[in-house]
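Read through the structure below, which is laid out as structure tokens, and then see the notes.
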Amino acid sequence: MIVVGLTGGIGSGKTTVAKLFYELGIPIYIADLEAKKLMNRSKIIKRKLIELFGTKAYLKGTLNKPYLADQIFNDQSLLQKMNAIIHPKVGAHFKRWVRKQDAPYVIKEAAILFENGTYLNCDYMITVTALEQDRIKWVMKRDNTSKKKIQAIIKNQWTDDKKMALSDFIIKNIELSKTKKQVDKIHRKILEDIQ
């Protein structure tokens with residue numbers, strides 16, 4: 001199965017682009033969403049996160065996202081330790097998911113495919129870019145969060161230039177109709193390549 005990695009900085013429009021591929025019949029794996037599900041479902045992950053962050057990591061058995069977010073953005077080493085717990089489980093879950101798919105290719109959408117090295121397991125890489133001021137505005141609205149927190153996340157992620165240098169395709173997400181045309185073109189190119 002051909003795996004296409006889809007990435008981009010926070011608020012760049014990865015989910016919007018993923019939905020456009022889904023409309024073309026391509027199965028989509030949203031790594032962050034699956035990670036959150038596993039963090040609430042997996043007893044092993046729960047136990048390890050409580051060991052790492054203490055009992056406040058979960059409230060009434062449910063992941064305490066605001067608490068974890070505060071902890072990891074104040075301490076880079078905690079973020080790395082948390083990722084070391086979660087990423088292998090998400091990777092194994094993704095492999096099981098891929099085996100169940102029946103399509104010419106699948107999309108794996110994740111914010112940090114480059115940062116965590118999993119882009120090396122992808123046959124193609126797509127990076128979604130958008131203007132930083134738009135990204136900040138979109139995320140502030142979507143997550144009801146502060147500009148400062150978003151800028152801290154942006155600082156922890158690779159720059160667009162660094163991602164684009166390793167990408168097979170770049171989508172400039174400025175206007176939805178133009179983004180859709182870029183997705184259609186990439187879809188056709190991938191289908192041509194794999195036939």
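Every number in this text was worked out from the coordinates using simple rules, so none of it is lab data. Predicted model, so just to flag it, every value in this text is computed and none were measured. Neighbour counts run over all protein chains shown; Cβ positions are idealised from the backbone, glycine included.
In terms of its Cα atoms, the range 123-177 spans 35, 29, 17 Å along the principal axes, sorted from long to short. Applying Stokes-Einstein at 20 °C and 1.002 mPa s to the Kirkwood radius of the chain, computed over alpha-carbon pairs, gives a translational diffusion coefficient of 121 µm² s⁻¹.
Rounded to the nearest 20 debye, the dipole magnitude of the range 33-100 is 560 debye, with +1 charges on Lys and Arg beta carbons, -1 on Asp and Glu beta carbons, and the Cα centre as origin. Rounded to the nearest Hz, the phi-derived 3J(HN,Hα) couplings of the range 23-29 under the Karplus curve 6.51 cos²θ - 1.76 cosθ + 1.60 (θ = phi - 60°) are 5, 8, x, 9, x, 10, 10, where x marks glycine and proline. Packing, taken as the mean count of other beta carbons within 10 Å per residue, orders the peptides 130-139, 184-193 from highest to lowest as 130-139, 184-193.
Among rounded, prolate and oblate, which fits the range 33-100 when a ≥ b ≥ c are the square roots of the eigenvalues of its C-alpha gyration tensor, a/c under 1.5 means rounded, and a/b larger than b/c means prolate?
On the way: a/c = 2.22, a/b = 1.59, b/c = 1.40.
Judged from the Cα gyration tensor, the range 33-100 comes out prolate (a/c at least 1.5, a/b above b/c).
Summing +1 for each Lys or Arg and -1 for each Asp or Glu among the other residues whose beta-carbon sits under 14 angstrom from that of Phe53 gives +3.
Sorted by mean Cβ packing within 10 Å, highest first, what order do the peptides 170-177, 27-34 take? Please list the in-between numbers first.
Values: 170-177: 15.2, 27-34: 17.8.
Averaged packing, sorted descending, gives the order 27-34, 170-177.
Using C-alpha pairs under 8 Å with a sequence gap of at least 6, the mean separation divided by the residue count of the range 33-100 gives a relative contact order of 32 percent.
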